[in-house]
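What follows is a short report on a single structure.
The values are calculated or read from the model by the stated rules, or taken from the named source; none is laboratory data. If you're wondering where the values come from, they're calculated on a predicted model, not measured in any experiment. So basically every Cβ, Gly included, is an ideal-geometry build from the backbone, and we count neighbours across all protein chains shown.
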Amino acid sequence: MTSLSAKTALFLAFFITLVFLLGGIRAEMLEKIVDLPKSIGVWTRPDSARIIDSSNIFQYMNGAGELYLSYNFDHLKVYEYTTKNQQDSILVEVYIMNTSNDAFGLFSIDWGGEPIEIHSSPSMRSSPTVAPPARALYGGGLLRLWADTIYARVMVYPDTPESKEAVLSLGRKIAANRKMPTEPELLKFLPQTIGSNWKLRKDRIGYFRSHLVLNSLYYLSHQNILNLDHSTEALTAPYENISNAGSAKSVQLLFIKYASAKKAKKALDQFHSAYLHEHQHGRDPRVIENQMNFFNIEDGWLGYSLNGTYLSVVFECPDRASAQTIINHISRNAVFKENDHGK
């Protein structure tokens with residue numbers, strides 16, 4: 001018994017030491033993840049960055065902190081470059097996210113701006129993308145970029161050719177020695193076209209995990225009626241009508257992957273009760289098994305389909321046939337993925 005206790009104590013001591021070592025290595029990696037110059041042009045920064053995490057993010061940016069916490073956020077490093085006269089400044093915000101997908105999500109909230117190449121090896125992008133291929137966008141003195149697990153904002157005022165070059169140079173420094181990021185796998189569920197009528201608006205794709213972000217992209221409810229959280233992955237994207245006939249109005253697709261089929265089913269039931277409460281008795285019992293249904297509501301036809309862990313919803317369709325075509329197309333992809341995953 002004494003020998004066993006000694007071995008157990010030795011193992012626990014080793015385990016605790018390993019945890020501290022790994023924690024230290026991770027912290028060191030995060031600390032060295034960005035190496036920005038002390039000076040660039042006429043701008044100079046302090047010796048150390050300001051560190052922002054979940055404990056003080058609201059002191060730094062008030063309510064806007066919810067946006068970053070809604071993704072898997074680790075911490076933020078803030079650098080401020082100023083000139084001698086203190087009138088011109090460059091603010092650098094480097095958001096360290098826990099996954100590349102979360103960094104992409106922040107980047108995908110706004111596709112506006114001039115595409116900028118900031119990676120040293122753009123040829124590393126080996127496959128076509130569903131979303132716009134840009135990994136950095138610049139406009140009005142603001143550079144936004146996505147580099148692996150980093151999302152960064154570099155802001156300057158006033159916006160001049162000289163200050164723009166400084167901002168772009170800092171962007172290249174942030175992205176240096178980081179692999180070219182690939183967009184989340186979930187985007188592969190979005191076809192470029194559906195039938196002959198509908199075409200994806202690539203520059204309106206949004207990737208998120210929170211209902212707060214969803215509401216900024218496509219408002220549904222102030223409440224979390226789809227049970228979104230950090231374990232979910234979700235996309236919203238419009239499809240435009242490209243046919244010669246019919247309405248030119250776009251429809252909105254919402255596609256969500258849940259952590260389990262049980263959670264997906266619970267989310268659909270809650271969504272139906274909250275958003276389609278007037279149609280509680282309109283659920284066709286013949287299609288409850290595969291959870292597909294269509295409803296004519298105030299802003300057009302809505303359709304949804306549940307396939308295992310995947311929930312598809314389309315809004316504002318001009319007719320039932322359009323809603324059914326879009327949902328059927330997305331559902332086939334989800335069924336294939338579920339069956340492939342189950343093998």
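Table: residues versus (1) part of a loop (DSSP other than H, G, I, E, B); (2) outside the structural domain of R204 (by TED's automatic domain parsing); (3) at positive phi; (4) among the charged types (D, E, K, R).
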{"position": "Q86", "(1), (2), (3), (4)": "yes, yes, yes, no"}
{"position": "L91", "(1), (2), (3), (4)": "no, yes, no, no"}
{"position": "Y95", "(1), (2), (3), (4)": "no, yes, no, no"}
{"position": "L106", "(1), (2), (3), (4)": "no, yes, no, no"}
{"position": "I118", "(1), (2), (3), (4)": "yes, yes, no, no"}
{"position": "R153", "(1), (2), (3), (4)": "no, yes, no, yes"}
{"position": "D159", "(1), (2), (3), (4)": "yes, yes, no, yes"}
{"position": "M180", "(1), (2), (3), (4)": "yes, yes, no, no"}
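Take the residues in the stretch 60-92 that are among the hydrophobic types (A, V, I, L, M, F, W, C) and closer than 23 Å to D229 by Cβ; name whichever of them is surrounded by the most Cβ atoms within 10 Å (Cβ to Cβ). Explain how you work it out, then say what you get.
Residues of the stretch 60-92 that are among the hydrophobic types (A, V, I, L, M, F, W, C), as a first pass: 61, 64, 67, 69, 73, 76, 78, 90-92.
Next, from what is left, pick out any that are closer than 23 Å to D229 by Cβ: 61, 64, 67, 69, 73, 76.
On the way: M61: 14, A64: 10, L67: 19, L69: 15, F73: 23, L76: 25.
It comes out as L76.
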Name the pairs: first residue in the stretch 206-223 and at negative phi, second residue among the β-branched types (V, I, T) and crowded, with 20+ Cβ neighbours inside 10 Å, Cβ to Cβ under 8 Å, at least 6 apart or on different chains? G206/V213; G206/T236; F208/T236; R209/T232; L214/T236; L217/T236; Y218/T236
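Quick one: how many residues across the stretch 139-155 are crowded, with 24+ Cβ neighbours inside 10 Å and either within 14 Å of L170 (Cβ to Cβ) or of a type in the set (D, E) (or both)?
So in the stretch 139-155, the residues crowded, with 24+ Cβ neighbours inside 10 Å come out as 143-147, 151-152, 154.
Imposing the further condition that a residue be either within 14 Å of L170 (Cβ to Cβ) or of a type in the set (D, E) (or both) reduces the set to 143-145, 147, 152, 154.
Residues flagged as crowded, with 24+ Cβ neighbours inside 10 Å and either within 14 Å of L170 (Cβ to Cβ) or of a type in the set (D, E) (or both) within the stretch 139-155 amount to 6.
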So, in the stretch 132-144, exactly how many residues are in contact with a Pro (Cβ under 9 Å, 6 or more places away or on another chain) and not aromatic (F, W, Y)? 7
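May I ask you to verify whether D102 is surrounded by 15 or more Cβ atoms within 10 Å (Cβ to Cβ), modelled with pLDDT of 80 or more, among the charged types (D, E, K, R) and not in a strand (DSSP E or B)? Can you show your working first?
On the way: surrounded by 15 or more Cβ atoms within 10 Å (Cβ to Cβ): yes; modelled with pLDDT of 80 or more: yes; among the charged types (D, E, K, R): yes; not in a strand (DSSP E or B): yes.
So D102 passes the test.
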In the stretch 105-121, anything buried (at least 21 other Cβ atoms within 10 Å of the Cβ) and modelled with pLDDT of 95 or more is listed as G105, L106, F107, S108
